[in-house]
Every structure is written in structure tokens, then in C-alpha cells.
Amino acid sequence: ENTMELAKSYEKTASEFFLTVRHYLRSTPGTGVAAFSKWTPLEVDLNNSLAKCQANVHAAFCDNIDTRTVLESLKELITHSNAYTKEVASNVNRQLLRNVAVYITKIFDVLGMIKVDESVGFPSSSSAGAGADLETLVLPYLTSLAEFRDNVRKSATEIKATEILMECDRLRDDVLPNLGVRLEDKKEEATVIKLVDREELMKERAEKKAAEEKKRLEKEARKAEAAAKAAALEAAKRMPPSEMFKGETDKYSAWDDKGFPTLTKDGQEIPKAQVKKLQKAYAAQEKKYSEWLKSQDKEP
């Protein structure tokens with residue numbers, strides 16, 4: 001069971017990486033001067049990671065096809081690539097990122113993890129074997145929809161139109177996932193569009209709602225606990241100091257006329273050290289009770 005969970009986690013990590021790469025391949029220039037950019041130390045570092053991964057994978061294949069090392073090396077490269085895209089945001093080096101994704105896809109193909117020919121990532125479950133490229137067909141429409149939604153959200157935020165913002169969220173969270181589309185909002189970037197298996201999105205939505213419900217219940221429980229503590233403190237203020245120890249019959253067996261305990265439950269005198277602590281608590285309760293009485297006198 002644990003092995004299956006690890007496999008699912010690995011597949012999800014790889015799938016999310018490929019979806020992110022596809023987003024950048026769609027949203028950044030692929031030709032012309034705009035497609036070229038000067039490398040920074042971040043690109044050099046990522047390219048070195050790619051070269052290191054290629055060397056490690058080659059060595060692992062030569063070592064009696066050490067599949068585990070191959071997969072671990074690829075995951076390290078994916079982790080580095082994700083960190084790179086997060087660091088540079090929309091200023092990614094398109095070709096370098098594509099080189100990484102193409103190499104990983106090639107190795108997955110060698111391992112038999114990809115059913116059909118695919119240049120980057122896993123094939124869409126909706127288009128595999130259908131003879132049509134789903135992304136090519138639907139992305140222009142989804143891109144137009146996402147841009148329109150971004151503009152609506154921006155305007156609604158400026159005028160604080162809460163209901164419109166809620167509808168935009170409903171489109172993202174409830175409507176599009178039913179069609180196998182995930183939108184990821186970015187603060188200063190265009191919305192990321194990802195085509196994902198519908199069942200996976202439905203599962204994600206159910207998990208998200210369960211987590212939100214759990215968070216809500218925990219918040220209510222903390223609120224109720226705080227209210228109970230506040231009520232207990234308020235009730236304690238109303239208790240006359242002469243009554244505060246009389247209910248503790250499991251500790252004491254006799255009290256003086258002020259309600260201060262004089263004997264333990266076994267009929268022994270209370271130790272002096274304990275008497276001092278009780279006197280301190282008694283004095284504190286006297287103060288609280290006195291303040292409460294004064295607050296009652298002030299009320300109309």
C-alpha cells in the first residue's frame with residue numbers, strides 16, 4: 001500500500017511539472033528575438049543539474065538498469081526545475097525548461113511509462129488514442145476565457161464587487177474542474193491553465209472541501225472552548241471567597257467561619273507551605289469578587 005502511494009505521489013509530481021512546462025511553452029515566445037534571453041546564474045545552475053541528471057541516469061542504466069536511481073535522479077531534476085520557475089516567475093528560459101521536460105519525457109518513454117508519442121509529459125487521458133491533440137483544440141478557447149476572467153476579477157476587485165468575485169471563484173472551483181480544467185490564479189501573472197483528468201480534479205475538490213470543513217469545525221471548537229473558559233472565569237468572579245474551597249471535599253474536611261480550609265480530608269492539619277498557597281488564592285478571589293460586586297453596583 002505504501003509503495004502504491006509513493007508511486008501515485010511521484011506520478012502527481014511529474015504530471016504537475018509537465019503541466020507547468022506546457023503552460024510556459026504556450027505563454028512565452030517560441031520564435032524571434034523575444035524567444036532568446038541571456039542566461040543568469042539560475043539558468044546555468046539548472047543546466048548543470050540537467051547535465052548531472054543525464055550522467056547519473058546513464059550510469060544507473062549501465063548498472064544493471066537501476067530504475068530506482070533513475071527515478072530519484074529525475075525527481076531531483078524536477079524539484080530543481082520547480083524551484084527555478086518559482087524563482088524567475090514569468091521570466092523563464094523557455095528553451096532550457098523545454099530541454100529538461102523533453103529529457104524527462106524521453107526517459108519515461110524508455111521506462112515504458114508513456115503510452116503514446118509525446119514530446120513533453122504524459123498524454124492527456126481525454127486525447128490519448130483519439131487522433132486529436134486536445135490542447136491544440138481547446139486551449140485557444142480556454143485562454144480567451146481565462147483572460148476574460150482575469151479582467152473581470154481585476155475590475156471587481158477595484159470596485160469591491162464581492163458577488164462577482166465569488167462567481168469567478170465558482171467558475172474556477174466548481175465549473176471548470178467538471179470539464180477537466182484547472183485554473184491557478186497568480187498575483188502578477190496570467191492565470192495558469194492546466195488540462196487534468198476530471199476524476200483527479202473531482203478528488204482534489206472533495207479533499208479541499210473536506211479540509212475546509214475540518215478547519216471550520218476546529219475553529220468553532222476553539223471558539224467554543226474560549227467561550228467556555230471565559231464563562232468559567234466570569235462564574236469564578238461571582239463566587240464569594242467563603243465558598244471557593246467548600247466544594248473541595250476530596251481535599252479538605254473542615255473549614256473556618258470564612259470558608260478557609262483547616263483540616264485535610266484525613267483530618268490532619270494543613271501543612272504551613274500549603275496554607276500560604278491557599279491564603280494567596282483566597283486573597284486573589286477576594287479581589288476578583290470585590291471587583292465584580294463593584295461592577296454590579298455600576299450597572300443601571
How much accessible area per residue does the chain have, in Å², with a 1.4 Å probe?
68
Could you tell me how many cubic angstrom of Cα convex hull volume region 198-300 has per residue?
166
For the chain, find the longest principal axis of its Cα atoms and tell me its angle to the long axis of helix 94-110, 0 to 90°, nearest 10.
90
With n ≥ 4 as the cut-off for DSSP H runs, can you work out [θ] at 222 nm for the chain, using -39500 (n - 2.57) per run divided by the number of residues, rounded to the nearest 500?
-22500 deg cm²/dmol
Could you work out the local net charge near Ala60, counting Lys and Arg as +1, Asp and Glu as -1, over the other residues with Cβ closer than 10 Å to its Cβ?
-2
How far is it, in nm, from the label point at Asp257 to the one at Lys229 when both lie 7 Å from their Cα along the line to the Cβ?
4.0
Computed over the chain: relative contact order in percent, which uses C-alpha pairs under 8 Å that are six or more apart
11
Would you rank Val21, Val102 by solvent-accessible area, highest first, keeping every protein chain in place and using a 1.4 Å probe?
Val102, Val21
Helix 41-62 axis, angle to the chain major axis (alpha carbon atoms, nearest 10°)
80
Compute, for Trp39, the solvent-accessible surface of its heavy atoms (probe 1.4 Å) with the complete set of protein chains present, and express it in square angstrom to the nearest 10.
110
Straight-line reach from Lys160: which aspartates and glutamates have Cα under 19 Å away, leaving out those fewer than 8 places along the same chain?
Asp150, Asp169, Asp185, Glu188
Considering Cα pairs under 8 angstrom that are at least six residues apart, work out the relative contact order of region 1-116 and quote it in whole percent.
33
Per 20 Å bin from zero, what fraction in whole % of the C-alpha pairs of the chain is there, up to the bin with the longest pair?
22, 35, 15, 23, 5
Cβ-based net charge around Leu278, under 12 Å, with every Lys or Arg adding one and every Asp or Glu removing one
+4
Spelling it out for Val181: with amide H atoms placed in the peptide plane at 1.01 Å from N, the residues 5 or more places away or on another chain with amide H under 5 Å from its amide H are Val196
Given a 1.4 Å probe and the protein chains all in place, what does the accessible area of Leu46 round to, in Å² to the nearest 10?
0
For a protection proxy built on the mean count of beta-carbon atoms within 10 angstrom, sort 285-291, 229-235, 160-166 highest first, please.
285-291, 160-166, 229-235
What is the sum of charges around Ser49, taking Lys and Arg as +1, Asp and Glu as -1, for the other residues whose C-beta is under 14 Å from the C-beta of Ser49?
-3
Given a cut-off of 19 Å, name the pairs among Lys12/Lys52; Lys237/Lys258; Lys237/Lys280; Lys237/Lys287; Lys75/Lys106 whose C-alpha atoms lie farther apart than that in the structure shown.
Lys12/Lys52
Accessible surface ranking that places the most exposed of His58, His80 first, with a 1.4 angstrom probe:
His58, His80
Quick tally, 1.4 Å probe accessible area for Met244, Met4, Met239, sorted with the most first, runs Met4, Met239, Met244
What percentage of the solvent-accessible surface of the chain, computed with a 1.4 Å probe over protein heavy atoms, is contributed by carbon and sulfur atoms?
54
To make sure I understand the rule: partners must be lysines, Cα under 19 Å from the Cα of Lys215, and not fewer than 8 residues away in the same chain. Which ones qualify?
Lys203, Lys223
Note the angle between two axes, namely the Cα long axis of helix 134-159 and the longest principal axis of the Cα atoms of the chain, as a number of degrees from 0 to 90, rounded to the nearest 10.
40
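The values are calculated or read from the model by the stated rules, or taken from the named source; none is laboratory data. Predicted model, so just to flag it, every value in this text is computed and none were measured. Note: ideal-geometry Cβ built from the backbone for every residue, glycine included; neighbour counts use all protein chains shown. The accessibility values were calculated without ligands, DNA or RNA, using every heavy atom of the protein model including side chains. Shrake-Rupley method; radii C 1.70, N 1.55, O 1.52, S 1.80 Å.
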